[in-house]
Amino acid sequence: MINRTILISICLLLTGCSSIGPHQIKLDRNRYNDVIQDTNNEQLLMNIVRLRYVEPVTNLKLTNVTSSYTFNPSLSTAGTGLAFTTAGSGAPASAGSSMVKTLNIDPGLQYLDTPTISYAPVEGSVFAEDMMSPLKLYKVHLLAYGGISDPQVVMRLVFQNIDDMDNASSASSEKMRSLPDYKKYYRFVDKLTYLIDHHGVTIRLKKINDNSVWSLIFSPAYSHSSEVHDIKEMLHIKDKSKNEIILSDVYLETKQNNVVFVRMRSLY
């Protein structure tokens, strides 16, 4: 009876330990996430080095990660019985014999982790076009309001020039032949950032002739400030009474005199 009770208890214990799903998610999810992020950064850094030496860039996209876990507990038993005699010679075996019973319990455990990882090369004409095409203003708007909240980082990173203010465009060349021009552009960015931080300007995304443009709307409290005056001077806005400036990355067929053309940088 005791041996049977021990056997049942061990079986119940092994069965209760067989559910590893929640514990495995806690162990592996962040590890997979960290590894994917680290390898993406390494791939990006490698492509930056390739660009520096005018070599083609390649990307290998991680499309799917499927991990399967198998946990199989097992238990095998073997019992033996041996009779021996303790009575004198010639006595019946049943009179002076005893039985020794043994029970051998052999627990087993099998654990398998079988991840399946899928890759897809990102290449061809579509990839080259995506790399070389300038960014769109509406995507920059999503970047500014959905991820990077620092306007200086966004303005210095993705704009090539605004009107005649150049954002160090020559610095992106593999062989820079002249010192980049950026000081006037940086002054513009500093003044615009000041207005953003003090709620003196609101940047909105709107449509003009089915084109997405940026609308810079100055608040009444700052409409006559030196920062707004300097920004209008830098952008050659003739009508200083306007409290809105339109930034567009396409040439608009409009008679408005507050539209300023901007050129965006590409991912390349």
Rounded to the nearest 10 Å², the 1.4 Å probe accessible area of Ile208 is 20
In the range 220-263 the accessible area split gives carbon plus sulfur, as whole percent at 1.4 Å, a share of 50
In nanometres, the difference between 0.36 nm per residue of separation and the alpha-carbon distance of His224 and Leu143 is 26.2 nm
Given backbone amide H placed at 1.01 Å from N, residues whose amide H is under 5 Å from that of Asn161, ignoring those fewer than 5 places away on the same chain, are Asn167, Arg263
In whole Å, largest first, the alpha carbons of the range 171-268 cover along the principal axes 46, 32, 24
Heads up, the range 204-256 by the C-alpha gyration tensor (a ≥ b ≥ c square roots of eigenvalues; a/c under 1.5 rounded, else a/b over b/c prolate, else oblate) looks prolate
For the range 193-259, dividing by residue count, accessible area per residue (probe 1.4 Å) in Å² works out to 58
Sequence order, the range 22-32: Karplus ³J(HN,Hα) from phi using 6.51 cos²θ - 1.76 cosθ + 1.60, θ = phi - 60°, Hz rounded, Gly and Pro as x, gives x, 5, 6, 4, 4, 6, 9, 4, 5, 5, 4
Accessible-area order for Met131, Met165, Met46, largest to smallest, probe 1.4 angstrom, reads Met46, Met131, Met165
Residue span Lys207 to Asn33: 0.36 nm per residue of separation minus Cα-Cα distance leaves a gain in nm of 58.8 nm
For the range 51-66, in residue order, the Karplus 3J(HN,Hα) values (coefficients 6.51, -1.76, 1.60; θ = phi - 60°; whole Hz; Gly and Pro = x) are 4, 4, 9, 6, 10, x, 8, 9, 10, 10, 8, 7, 9, 7, 10, 10
At R0 = 45 Å the Cβ-Cβ FRET efficiency linking Val54 and Ser241, nearest 0.05, sits at 0.35
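The values are calculated or read from the model by the stated rules, or taken from the named source; none is laboratory data. Owing to the predicted nature of the structure, the values given are computational and were not obtained by experimental measurement. Heads up, the Cβs are rebuilt from the backbone with ideal geometry, glycines too, and the neighbour counts pull from every protein chain shown. The area values use the complete protein model at the heavy-atom level, side chains included, leaving out ligands, DNA and RNA. Shrake-Rupley method; radii C 1.70, N 1.55, O 1.52, S 1.80 Å.
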